[in-house]
Each structure stands twice: as C-alpha cells, then as structure tokens.
Protein chains: 2
Amino acid sequence: MTEKTTVESKPKIDKGLDDVYVKESSICLVDGVRGRLLYRGWDIRDLAEHSSFEETVYILIHGRLPTRAELAEAKQAFAENRAIGPEVVKLLRCMPKDAPPIDVLRTAVSYVSNFDKERDDPTRGANMRKAQRLIGKFPTLVATAQRIREGKRPVAPDPSRGIAEDFLRMLTGKKPDRLSAKVLDVALILHADHSMNASAFAATVAASTLADLYSTMVAAIATLKGPLHGGANEAALKTMLAIGKPENAESYVLNTLRNHGKIFGFGHRVYKTWDPRALILRDYARQLSELRGQQDLFHVAEIVQDTVVRELSAKQIYPNVDFYSGLTYHLLGIPTDLFTPIFAISRVSGWTAHVIEYWEDNRLVRPLDYYVGPTDNVYVPIDQRA
Amino acid sequence: MTEKTTVESKPKIDKGLDDVYVKESSICLVDGVRGRLLYRGWDIRDLAEHSSFEETVYILIHGRLPTRAELAEAKQAFAENRAIGPEVVKLLRCMPKDAPPIDVLRTAVSYVSNFDKERDDPTRGANMRKAQRLIGKFPTLVATAQRIREGKRPVAPDPSRGIAEDFLRMLTGKKPDRLSAKVLDVALILHADHSMNASAFAATVAASTLADLYSTMVAAIATLKGPLHGGANEAALKTMLAIGKPENAESYVLNTLRNHGKIFGFGHRVYKTWDPRALILRDYARQLSELRGQQDLFHVAEIVQDTVVRELSAKQIYPNVDFYSGLTYHLLGIPTDLFTPIFAISRVSGWTAHVIEYWEDNRLVRPLDYYVGPTDNVYVPIDQRA
C-alpha cells in the first residue's frame, strides 16, 4: 500500500474506475444488456406507470413499498419540508442574475444546512429525516431562485400538492395542466437513481470522511454541474432546435456522422440497447408536443433517433435518457439552464439513499496516484536560480 | 463493463480504493517507508526551512522553482486576489453565529464563484488564474467570517504582507510576532498537498464531469469537513488538553492502550515511520510553547508521543502531522473549529494542482457498484398491500 520511490513495475492505472466495484449495493440495478433499470428490485417501467415520485423516493430510501399510511406520512413530510425560511430567500436574492441556476442550488443547499439542528447528528434516524428535508426543499429552492431571477414574486409551496405539480406551480405561478404534472412526475421517477454515477460517487467519497449529509449533497451537486454528467440533455435539445425542421433531420445526422461528429443523447457506458427511460419519455414527449402544437420538434427528434439507430445500432448505440428529457422539459416550458437543477431535484433521492447505505459499513475512500515525477530535486536559493 | 443480473462470480470489491491507482501524477510523492514527502520532487524539509507558502504553491502548480521575478509576480497575484467584495461580506454576515466555520467557507466559496467572469472558461490559462484567486481569497474568507462571528469589525487584507502573516493579522486585528507568522507559514507549506487523499479525490471526481474549478473546490471542502479527514488534529488537541498535566500523560496513554482505546494523531495508511511533517511541527510547537509560557502542554504532547512510540513502534505506529498541528494552532491562539478551515487555506493549492493536472487528460470517473438486491419485485397496487 505504500507508494514507492523506486519504479519497479508500473501498476495498473484505473483511470475513470470503469471496471472497479466500489461497494455492494441493493439500491439500483442497471441491466445494460436487457435494457432494464430496477430500483430496489422494482422495474422503473412499473413505477413510471403506477407510482409517484414520492412513493419512488420511499422505495429508494426504505427498500420496500409503503403502506397507504406510510405513504401519506412520507408525502406529508416532503410537503412540510418544502417551505424555506426568509433568510434563505434573502440569500437567493443576493445571487447575481447571471449566476447559473445549478450554482445557485449548490450555494443554497450549502447555506440551508446552517438551519438544521440535526445537521451534525450522524445517527441513521437523523439522516433519514435530513434526507426528507433535502428532498422537500430542492424544488422550492430551484423554483424560488428562478422567480427571483425573472424579477417575479416567489410562490410559496402548497403542501396539499405533489412535488412535481407543486414545482411547476411555484415556477410558473399557475396550476399546471394534468399532463404536464404527470410528465414531470414521471421524469423525476426516471432520474431518481442510476447506481454509482459520478455525482453519487462524489457524495460517497465525501460521506466516507463522515462529513454530514448536507456536505455530501453539496459535493454531488458540484459534480452534477459538469457537461459530461448533468449537461447532456441541454446539448441534445440544442441539436434538435438547430435542425428545426423534420425535413432537415436525416441529412443533418448523416452529415454529422460522415464528419465523425457527435450526436448528443446517444450511447451509454452501461446500456448496450434501448435505455428504458428514453422509451418512456419519448411517449410523453409525443403527447406533450401534440398538446402544445409543437409536433415539428418531436418529429425532428424521431427522425434523428431513427437515423442514428439505423446507422449505429450495430455498434450498440441507441438513444439514452438525455435525448428525450431535454425535449420533454422544453415542451413543459422550462428554461434550458434549469434542466440540471431539475435533475438534482430528482437525483437527491438516490444520492441520499447511497450515502445512508454507505454509512452502514463506512470505509474512508483514499485511493493512490502513481507518482511519475522527479524524486531528488535540489532546492536552489532564489539568487542562484537561472 | 455492463452490470449483470445473474450473479455468476462475485467480483472484487475495492471499498475504500486502498490499493487502486486512479491516475498518474507528478505532483506529490508520499514515501511512507523512508518518511519523506516530496512536492514536485522537492523535499518538504527543504521547503519548510528555506521557502515560503507562496513559493511552495508556485512549485506545486507550475512544477518548478520560480525566478525572483516570477515569485514576485505570483505573490502580487495572491495579494491582489485576497480582497473580497462587499456582497461576499454581506453573505458572511447572513451566516448564523453557530454555523461551523468549515460550512461557512464551503458556502462562501460556492457563492464567490458567481463573481468570477472566467468561472466557466475551461482553458488552462483561465484555470491557473482561478487557482490564484481561490488561493488568495481563502484566508480572507476564513478570517472575515471569524471576525463577524466574534462581533468584531472585519480587517481588510494588506497586500504588502505574506499569506500566513496577513491571515493572522486579519484574524486577530494585530500584527503577529515573527515566530507566529513563520510557524503558520511552515504549517501551510506542510499541508499544501498529500497526493490522492479523500478531498483531492472528491475534487477530481467533480472535475472529471468538466464541472468548473470552483465546483471542484466546493466538493473538496465538503469532503475535508469529515472528522476522518480534516478533524483529526482537533481530536488530538482535545486529548492533550484533557490530560492537562505532564505527570498524567504516561498513565493516560497506557490506560487507553490497555482498554484498546484510540490515541488520536498516531498511525497513517501510508507512513510506516515518522511522518516528516510531525517532526518539523514538533520543533516549532516547542518554540511557541516557550514563547507563550505553555510548556506544560508541550510536555504532555512529548510524553504522549514517547509513550506511544515506545509501546507501538513495533507496529509501525508513529505520530502523524495531526498530532502536532492541532497543538501548534492552539499555541498560535487559533480557535479549535478553525483548524479545518486553515487546512483548506493550505490544501486548496494541492487541490487546484491535482484538478488542473487531471484535466490535461480527462476521463469521467464512473465506477460500478455490485448489486446484491432483489431483481424481480412485483409492483402491488397500494390497496392490496399488507
């Protein structure tokens, strides 16, 4: 385990940790061969059809289906925790108008921890309650920051509504139509977890030092910001908008592939077939596009999808969730730079589940780097340097 | 690389990543066998004796000794960047008085990124400038937050002074004596980097998604907070203070060992001999204890050290840097809960060096977890659940 000065034989360097298992987990199975995604053993197709985001969060954190009473209690807890104090609103008002919303969320979550009396209580019970508070507050923080940025009055949360519906209401100031609320609820279900992705892993590394739960979530948000993680759906939408008309879509894809360019929203390190989340969101995006009279954009997406699949499915490249989530959020009228914060509103549930699971058998994460620099430099006094 | 549903043979689980090399690096060599620590090939014993924190930062980031002109320019940049704007002071005033200073620093760094026009510029040049800004601002953020917490007026930075001296001046409101300034400068040199520790690794994971440099530093601070990482020197000091008198020290150690208790500040995953940083700080702690007339506390430390080494050196257990750094900061009159923020004031230099190096050949960090949960749970409608 010691790092040696003498280079005898170079060890294997696991850059990216592609094939490294960092823990056992019973939270999430990504079955990239069969194109299945399970939370605690339940198929997300069933959850998207029959469940709600609140119930999905319960399943992720507790590992079982709630009874009616347990679900009511959990919904109540999320709803009560949705409120943010005046000092947090004041902080959000201190943010420059041009601050990226994901940076605002990161700062606000870091700040809001100050007001949780259980912040540094490391017991499992306290962490479960802190998870509820975090999951409750994320939508309010994102919606309130956006209202302030737009120069509008913040809309207080309504505890009688579900997370997805209330988020859209706090964001727009009006009750969303039934389809929009359902679509966002499904999108939140589909993004709630995805095993040891970069942000969940950053949270785990922070957790391994026994930092508090809020700190681990701040590390996760910081990591989600990167365009290689949270930003891919923005890029996919931008491509669709740039193509504009269905009749331009096929030639755009063929030209891009011919020039070895990248089409965003396709391919995945784990999925070697259709990403089940993409298929579900595609159907909802179609319904939304009809409701909004924006069928052209949906047809662009379909043709891009069909062309890429036709050309690249032999290489196991299919649309992933990002291809349809950006389009879905756009059709919901959500500004592009809120896509990653909405990802966080959902994923905070998986992050907290992973951290709480890791703490059941904690071990400090302390990898090695392989030193390839000089070992015997001489300190030369400054007046003798060349 | 796909995660399989069928458990054919359980893979190796690298929990803690103890023996996993995550990158090549030419920044820092921890030679745990010979008890040496090198930054870019220079021995920290030479740097502690002859260099300054500013020059050490230059070496860490640029990989070479600066000329006189380059060092003057770097010092100038750190000094100019030491100022924080009125909006940042306002944020610090919004922090509850009982907020842990490391949480305040994490929030402030997250916030301060909003005011950097180059925040999302991913070029190497921009990142080098952002590193200078971060290294410049950390001492001011920590000192200003502490002044506000104590109900005192913040002290503006003085660009004509070095980082260590100016930090003590901003913290206390008066020019420190020469020994105190030198001791803190050496402590900052000794903590500036330590290869792939948990906080540097969390920063690297965040960086691997191409999140901006500020985000990676926020992830690092969040990780440093944990008592298994940044908090060990506090625990070591508390032991010394609890022992109180030199004549109680030996029996305290022997009793603790007999009861299989832990003595904080001893042993290290990498060092199997004396931690060279502990030896350097011990000498400065002795000098400070004489200057302050607190020799008793230093003698307690010495007797604890001698007793543990006598009893446990056969098991390769020796004092590590935390054993003497907490004592040193205490003798400098620094409140205990500022120890971890001071660690960050120093380590931000190593963190930025590691992130900038990682981006030269970036790869997304996306490990696996090994799924051990159920795979075929049936979704039961809520009115049919037991």
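Residues being away from chain B (no Cβ under 11 Å), of a type in the set (Lys, Arg) and either touching a helix residue (DSSP H, G or I) at 6+ places or on another chain (Cβ under 6 Å) or not in a helix (DSSP H, G or I) (or both): count how many of those fall in the range A:118-129. Lay out the reasoning, then the answer.
The initial filter retains those residues of the range A:118-129 that are away from chain B (no Cβ under 11 Å), namely A:118, A:121, A:123-129.
Then drop every residue that is not of a type in the set (Lys, Arg), which leaves A:124, A:129.
Still in the list and also either touching a helix residue (DSSP H, G or I) at 6+ places or on another chain (Cβ under 6 Å) or not in a helix (DSSP H, G or I) (or both): none.
Final tally of qualifying residues: 0.
If you go through the range A:41-55 one residue at a time, how many are within 19 Å of B:ASP369 (Cβ to Cβ) and under 18 Å from the mean Cα position of the chain (by Cα)?
The first filter runs over the range A:41-55 and keeps only residues within 19 Å of B:ASP369 (Cβ to Cβ), leaving A:41-44.
Adding the requirement that they be under 18 Å from the mean Cα position of the chain (by Cα) leaves A:44.
Summing the residues that are within 19 Å of B:ASP369 (Cβ to Cβ) and under 18 Å from the mean Cα position of the chain (by Cα) in the range A:41-55 gives 1.
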- prompt: Scanning the range B:266-311 for residues that are assigned to a helix (DSSP H, G or I) and among the basic types (Lys, Arg), which turns out farthest from the other protein chains (Cβ to nearest Cβ)?
  reply: B:ARG292
- line: Those residues of the range B:334-386 that are assigned to a loop (DSSP other than H, G, I, E, B), more than 12 Å from every other protein chain (Cβ to nearest Cβ) and among the β-branched types (Val, Ile, Thr) come to a total of 1
task: Taking A:ALA222 as the residue in question, decide whether it is surrounded by 24 or more Cβ atoms within 10 Å (Cβ to Cβ), at the interface with chain B (Cβ under 10 Å from one of its Cβ atoms) and free of Cβ contacts under 8 Å to residues at least 12 places away in the same chain.
output: no
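Listed here are the residues, each with its yes/no results for (1) out of contact with any Asp or Glu (no Cβ under 6 Å at 6 or more places or on another chain); (2) surrounded by fewer than 23 Cβ atoms within 10 Å (Cβ to Cβ).
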| site | (1), (2) |
| --- | --- |
| B:PHE53 | no, no |
| B:GLU73 | yes, yes |
| B:ARG82 | yes, no |
| B:LYS90 | yes, yes |
| B:LEU105 | yes, no |
| B:ARG119 | no, yes |
| B:GLY125 | yes, yes |
| B:ILE135 | yes, no |
Of the criteria (1) of a type outside the set (Ser, Thr, Tyr); (2) under 19 Å from A:SER110 (Cα atoms); (3) more than 9 Å from chain A (Cβ to nearest Cβ); (4) touching a residue at least 60 places away in the same chain (Cβ under 8 Å), which one B:ARG106 fails: (3)
field: Tally, over the range B:225-273, of residues that are surrounded by 24 or more Cβ atoms within 10 Å (Cβ to Cβ), polar (S, T, N, Q) and over 18 Å from B:THR328 (Cβ atoms)
entry: 0
message: Can you tell me which of (1) touching an Asp or Glu at 6+ places or on another chain (Cβ under 9 Å); (2) exposed (fewer than 15 other Cβ atoms within 10 Å of the Cβ) is the one A:PRO276 doesn't meet?
response: (2)
task: Might you check whether a residue that is touching a residue at least 12 places away in the same chain (Cβ under 8 Å), more than 30 Å from B:LEU254 (Cβ to Cβ) and away from chain A (no Cβ under 13 Å) occurs anywhere in the range B:314-333?
output: yes
message: For the range B:64-84, which positions are farther than 20 Å from B:ALA344 by Cα and away from chain A (no Cβ under 11 Å)?
response: B:GLU73, B:GLN76
task: Determine whether A:ARG366 is among the basic types (Lys, Arg) and assigned by TED's automatic domain parsing to the domain that holds A:ARG149.
output: no
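The values are calculated or read from the model by the stated rules, or taken from the named source; none is laboratory data. Keep in mind it's a predicted model, so treat the numbers as computed, not measured. Backbone-built Cβ (ideal geometry, glycine too); neighbour counts: all protein chains shown.
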